[in-house]
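Novice: Before I ask anything, here is the structure I am working with.
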Amino acid sequence: QAGKAFRKFLPLFDRVLVERCAAETVTKGGIMIPEKSQGKVLQATVVAVGSGARGKNGEIQPVSVKVGEKVLLPEYGGTKIVLEDKDYYLFRDGDILGKYVD
C-alpha cells in the first residue's frame, strides 16, 4: 500500500507519516452528515516511520509504531504533506496518543 510516493519521501528520526481515515458521511441510521458538521478524524494508519531518535547515550531509540498500525492522533498538530495528490500528515512519535490493537 505504500506505493511509489513513499520511495520519494522517508521520515527522519522519530517522525511518523500517517494517512487519516475517511470522515463518517452517513450515520448508522442512514442520515447524511453535512460537511460542516463532520468532526475532525483522529484515527489514522501509519504509512512510513523514521529510524528513531538518539537518546542521551547516543543510542537510537526506535519508533514505537510500525507501518500498517492504526493510531490515535491529537486533535491539532502535525505537518500536512501532499504526495501524489493525497494528503498525509507527519507527527513526532511522542505526539501520537496511542495505537489500536486487535
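Novice: Under the condition of being touching a Phe, Trp or Tyr at 6+ places or on another chain (Cβ under 9 Å) and hydrophobic (A, V, I, L, M, F, W, C), which residue from the range 38-59 is farthest from residue 26 (Cα to Cα)?
Specialist: Across the range 38-59, the extreme among qualifying residues is 53.
Novice: Moving on. Show the residue pairs that are 6+ apart or on different chains and have beta-carbon atoms under 9 Å apart, the first residue being within the range 64-79 and open to solvent by less than 40 Å² (accessible area, probe 1.4 Å) and in a strand (DSSP E or B), the second being modelled with pLDDT of 85 or more and of a type in the set (A, V, I, L, M).
Specialist: 71/16; 71/18; 71/44; 71/46; 71/65; 71/96; 71/97
Novice: Across the range 85-102, which residue is most open to solvent (accessible area, probe 1.4 Å) among those that are in contact with a Pro (Cβ under 8 Å, 6 or more places away or on another chain) and free of Cβ contacts under 8 Å to residues at least 60 places away in the same chain?
Specialist: By that ranking, first place goes to 97.
Novice: Residue by residue through the range 67-102, note down the ones that are more than 23 Å from residue 40 (Cβ to Cβ) and under 11 Å from the mean Cα position of the chain (by Cα).
Specialist: 67
The values are calculated or read from the model by the stated rules, or taken from the named source; none is laboratory data. Everything numeric here is computed off the predicted structure, so don't read it as measured data. Using ideal geometry, Cβ is built from the backbone for each residue, glycine included, and neighbour counts are taken over all protein chains shown. Note: accessible area is taken over every heavy atom of the protein model, side chains too, but ligands, DNA and RNA are not part of it. Shrake-Rupley method; radii C 1.70, N 1.55, O 1.52, S 1.80 Å.
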